[in-house]
């Protein structure tokens with residue numbers, strides 16, 4: 001097994017509503033209040049929450065950011081989005097999980113069909129271990145000097161396939177850049193689901209003989 005230490009993480013959730021919501025039915029006054037109640041402990045102020053109403057139909061959205069723009073939250077007529085980036089270390093990962101749980105646990109959203117989840121990470125190892133592992137994706141005779149893999153994995157405890165890509169990182173030396181993509185077909189995104197998803201992503205990596213170091 002190749003052991004990697006994760007340096008940088010980002011997560012995007014896109015939740016698609018069963019049907020588009022008219023401006024008059026969006027109730028952004030209540031949504032804005034619940035957002036402030038959920039994230040005021042992270043420094044969100046009422047004036048940070050922006051509501052744009054382009055017309056009386058479907059051209060509208062609620063939007064706010066946290067952590068100097070590293071956290072973006074949006075609700076539109078068709079979907080809700082949570083995007084958190086530049087997380088470093090276990091404490092930042094715990095904040096990501098908390099922010100997602102607050103959004104889906106406290107912010108009122110229309111009924112939805114599914115949530116598309118994309119996560120990515122830059123994870124690093126020693127120069128020797130990196131070269132040894134990544135050599136399997138090269139072919140000097142054909143002048144393929146760098147490579148990677150795309151796998152679609154079924155993981156224990158997670159109902160949908162997980163698409164994982166891995167390739168050399170352009171941010172860190174001796175590091176691999178991973179992406180995981182999957183779909184949560186549930187009426188609610190719950191803390192238990194996030195824990196299962198985290199384990200499933202680790203399982204997908206383990207199928208490629210990779211384990212992530214547990215850091216504090």
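Observations
- Cβ-Cβ FRET estimate between residue 85 and residue 22, R0 fixed at 30 Å, reported to 0.05: 0.40
- Helical contribution to [θ] at 222 nm, DSSP H n ≥ 4, -39,500 (n - 2.57), averaged over the chain, rounded to 500: -8500 deg cm²/dmol
- Convex hull per residue volume in Å³, alpha carbons only, for the range 1-93: 117 Å³
- Sequence of 156, 78 once ranked by neighbouring C-beta atoms within 10 Å, starting from the fewest: 156, 78
- Square roots of five times the Cα gyration tensor eigenvalues for the range 56-211, Å: 33, 18, 15
- Most fluctuating residue given options 144, 56, 95, as computed from a GNM of the chain linking Cα atoms under 10 Å: 144
- Ascending count of other beta-carbon atoms within 10 Å, so fewest first, for 9, 170: 170, 9
- Listing 94, 203 from fewest to most neighbouring C-beta atoms within 10 Å gives 94, 203.
- Here the Gaussian network model covers the chain, with springs between Cα atoms less than 10 Å apart; of 106, 61, 52, 52 fluctuates the most.
- The modelled label-to-label distance between residue 45 and residue 111, using points 7 Å beyond Cα along the C-beta direction, is 4.0 nm.
- Separation of alpha-carbon centers, the range 7-24 and the range 146-194, rounded to whole Å: 18 Å
- Gaussian network model of the chain, Cα within-10 Å springs - most flexible of 53, 118, 182: 53
- Label zone at residue 53 (point 7 Å along Cα-to-Cβ), backbone N below 16 Å, the range 16-32: 21-32
- Each of residue 72 and residue 135 was given a label point 7 Å from its Cα along the Cα-to-Cβ line. The distance between the two points is 4.2 nm.
- Length-normalised contact order for the chain - Cα pairs under 8 Å, 6+ apart - percent: 27 percent
- The range 124-141 and the range 42-78 have Cα centres lying 43 Å from one another.
- Note on the chain: antiparallel DSSP beta bridges, both residues inside, total approximately 95 percent of the bridges counted.
Here, each number is a calculation from the coordinates, and none is a lab measurement. Not measured: the values here are computed from a predicted model. Don't worry about glycine lacking a Cβ; one is built from the backbone with ideal geometry, like all the others, and counts go over all protein chains shown.
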